[in-house]
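A short worksheet on the structure shown next.
Bear in mind these aren't lab numbers, they're just calculated from the coordinates by the rules spelled out. Since the model is a prediction, treat every value here as computed from it, not as a measurement. Reconstructed Cβ throughout: ideal geometry from the backbone, glycine too, with neighbour counts over all protein chains shown.
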Amino acid sequence: MALPVNFLVYGKIYRENGIFIAGATVRITDQTIPQGTASGITDANGKYLINIKNYATNGDAIRVSCTYQQESKTSDFTLDVGDGTKEVNLNLVVTQIITIGAKGDGPAVYIQCQQCGYNNYYPKPSSSYCCHSCQTVMDKDGKTGGCVKIC
């Protein structure tokens with residue numbers, strides 16, 4: 001059953017270090033009476049705005065979820081159409097390292113830079129890496145230490 005008025009759910013999607021995530025998919029579903037999924041993509045500032053008028057019923061449990069790369073987060077609230085809007089911000093902690101199958105001299109490695117968020121590929125493990133995007137020196141977990149060193 002659709003709502004009698006527009007109801008906007010909005011917010012920001014960001015990383016643990018406070019960097020906003022552009023291009024993240026946000027989905028909103030009614031958990032009480034499933035009525036489809038309203039979805040949207042975050043803008044360059046990590047913001048989203050989704051109208052759930054045709055996807056929810058007043059008083060129902062609503063789930064906001066975001067998926068970006070290997071991480072997903074959800075937040076639930078009870079819909080009160082009298083509120084008119086609802087702000088839901090999600091803080092994603094993206095997986096920092098993924099080791100994949102052997103290639104060349106050893107297993108290849110993907111590391112996400114915690115400085116800029118870029119996913120880097122390296123053909124073999126090492127004790128330190130240089131981010132291909134921001135040129136920050138990082139360890140095997142994508143951490144840059146307290147300072148930003150340029151490769």
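Considering each of 23, 59, 18 in turn, give the residue that is closer than 30 Å to residue 111 by Cβ and without any contact (Cβ under 8 Å) to a residue 40 or more places away in the chain. After ruling out the rest, the residue left standing is 18.
Within segment 28-79, the residues that satisfy the criterion of being touching a Cys at 6+ places or on another chain (Cβ under 9 Å) and of a type in the set (Val, Ile, Thr) are 42, 74. Only residues that are farther than 15 Å from residue 50 by Cβ and aliphatic (A, V, I, L, M) were counted across segment 67-87, and they come to 1. Taking the criterion of being among the small types (Gly, Ala, Ser) and surrounded by 13 or more Cβ atoms within 10 Å (Cβ to Cβ), the residues of segment 20-35 that qualify are 22, 24. Just one of 17, 45, 58 is surrounded by 14 or more Cβ atoms within 10 Å (Cβ to Cβ), in a loop (DSSP other than H, G, I, E, B) and polar (S, T, N, Q); which is it? Answer to the selection: 58.
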